[in-house]
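What follows is calculated from the coordinates using simple rules that are stated; it is not laboratory data. As the structure is a prediction and not an experimental result, all values here were calculated from the model. Methodologically, a virtual Cβ is constructed for each residue, glycine included, from the backbone with ideal geometry; neighbour enumeration extends over all protein chains shown.
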Amino acid sequence: MPMPQSFQDRLFPIAEDIAKHYGTPYHIYDEAGILATGEKLKKAFAGVAGFREYYAVKALPNPHILKLMKTLGFGFDCSSIPELIISREVGGKGEDIMFTSNNTTREEFQAAAAEGGSILNLDDISLITKVPEFPELVCFRYNPGPRRTGNIIIGNPVEAKYGITHEQLVSAYKLAMGRGAKRFGLHTMVASNERDYTYIVETTRMLLDIAQMIEEELGIRFEFLNIGGGLGIPYKPEDNPLDLDSMATEITALVDNFKASHGYAPRIYMESGRWVTGPHGALVTRAINHKSIYRQYIGVDACMSSLMRPAMYDAYHHIDVIGKTDQEKSEIYDIAGSLCENNDKFAVQRSLPPIQEGDLLAIHDSGAHGHAMGFQYNGRLRPKELLLRTDGSVQLIRRAETNEDYFQTLNFKDDILPAKES
Ligand SMILES: *Cc1c(COP(=O)(O)O)cnc(C)c1O
């Protein structure tokens, strides 16, 4: 099942009360579910000394959610200045923060190094000389190129803009040592939304092999290997979940073997976003129009500015009509927003129970890459975010955007650069 049954059981009976109090549409996140999933991850990897999850902030950059990550003992994976700011605001300090950037600017390097710093995860060999104050601890993002196939979503590593090549590995670390680096990490991310756990196991094996190769070449010992995010979740009811326990067992065995033959082992870091929060969010929206043309359209009061994944990736998000069961499925609908793009649909030709105007729809799995991906095109603003707390209360954790917000960037002093005199 996409959205955990326990979340449905707690949300659906009160969804209408929440709608009456706060209005629709709303994203709502399940505190108990997020904490339970975080604990499950820690428990699975308890056998790997120093295992740590660095939550991928871009998945759900709300401070109330990031505080839960802090409570779980997780770090923060950031790749922009606002993500650094928000992670520090909830108490992330120094090596609690991994700064994984791409096409990095000098300002970003400075922000990553400021206020107690962060773990710098460098994306390219050309950036080594551009880091203003080179840190003692440095990590490189590795792109295996033709050595790995990557999965369908992230694509062929050869075509991916991320990381350094296999051939650049040794010289990258050598150059970093030349700039004073003394502590080292290694990172890669070759899959996205991948439910076949063996991908992540193979990634770990690959990074351990490289750690050994670089140790032989340069005599350095890696403090950590960051095996990336990209763990998949079952968006469709028939999808199997990722087998976390098998993944953790096999990774633990790899690390144990490395330790047995080398006398030490790097810590394993992970930077999952989707797997941690994805299933614990839902977008609740009200049916406001039923249009009958060549197809049956249910117009809802949310649109792709609230959840882009269906329009952007053709992604499936399961939908429940609150108060109606799957046994009542008798209609085929397109569920549409009001943006002037024909891909502004949450579902295409979906079998659902009959929907009346006023019904509430729960669009599952909006807890990662949902609200965060929103935008304002067509003057369509982003909705509020709510937290369903463990005690059953509901807290507003971000208000909806207003027209005033939309016009904020037009609020500036006149500034004209005169034409050049000829
Ligand atoms: C997006 C991203 C993640 C998180 O991906 P998920 O699919 O949410 O696990 C982790 N690391 C990097 C570098 C990313 O860009």
Within the chain, percent of DSSP bridges classed antiparallel, to nearest 5: 40 percent
Listed residues ILE119, ILE34, ILE210, most fluctuating in the chain (Gaussian network, C-alpha, under 10 Å): ILE210
Label-point separation in nm, ASP414 to HIS262, each point 7 Å along Cα→Cβ: 6.5 nm
Gaussian network model of the chain, springs between alpha carbon atoms under 10 Å - residue of HIS64, HIS280, HIS262 with greatest fluctuation: HIS262
Entries of LYS130/LYS413; LYS40/LYS384; LYS174/LYS259; LYS236/LYS291; LYS324/LYS384 with Cα pairs more than 32 Å apart: LYS130/LYS413
Alpha-carbon centroids, the range 12-60 and the range 294-333: separation in whole Å: 22 Å
The range 31-276, relative contact order in percent, only Cα pairs under 8 angstrom and at least six apart counted: 20 percent
Karplus (6.51, -1.76, 1.60) ³J(HN,Hα), θ = phi - 60°, over the range 248-254, in Hz, Gly and Pro reported as x: 5, 4, 5, 5, 4, 5, 4
Sorted by Cβ density within 10 Å, fewest first, the residues HIS27, HIS369, HIS290: HIS290, HIS369, HIS27
Gyration tensor verdict on the range 278-402 (Cα atoms; rounded if a/c is under 1.5, prolate if a/b is larger than b/c, oblate otherwise): oblate
For the range 285-291, 3J(HN,Hα) per residue [Karplus equation, 6.51 cos²θ - 1.76 cosθ + 1.60, θ = phi - 60°, Hz, x = Gly/Pro]: 9, 9, 6, 10, 8, 10, 10
Span per principal axis, largest first, for the Cα atoms of the range 31-276 (Å): 51, 40, 36
Relative exposure of ASP314, ASP344, judged by other C-beta atoms within 10 Å (fewest first): ASP314, ASP344
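Return the calculated 222 nm mean residue ellipticity for the chain, to the nearest 500 deg cm²/dmol, obtained by summing -39500 (n - 2.57) across DSSP H runs with n ≥ 4 and dividing by the residue count.
It comes out at -8500 deg cm²/dmol, rounded to the nearest 500.
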In Å, descending, principal axis extents of the Cα set of the range 109-251: 52, 35, 29
Shape box of the chain [Cα atoms, principal axes, largest first, Å]: 71, 68, 42
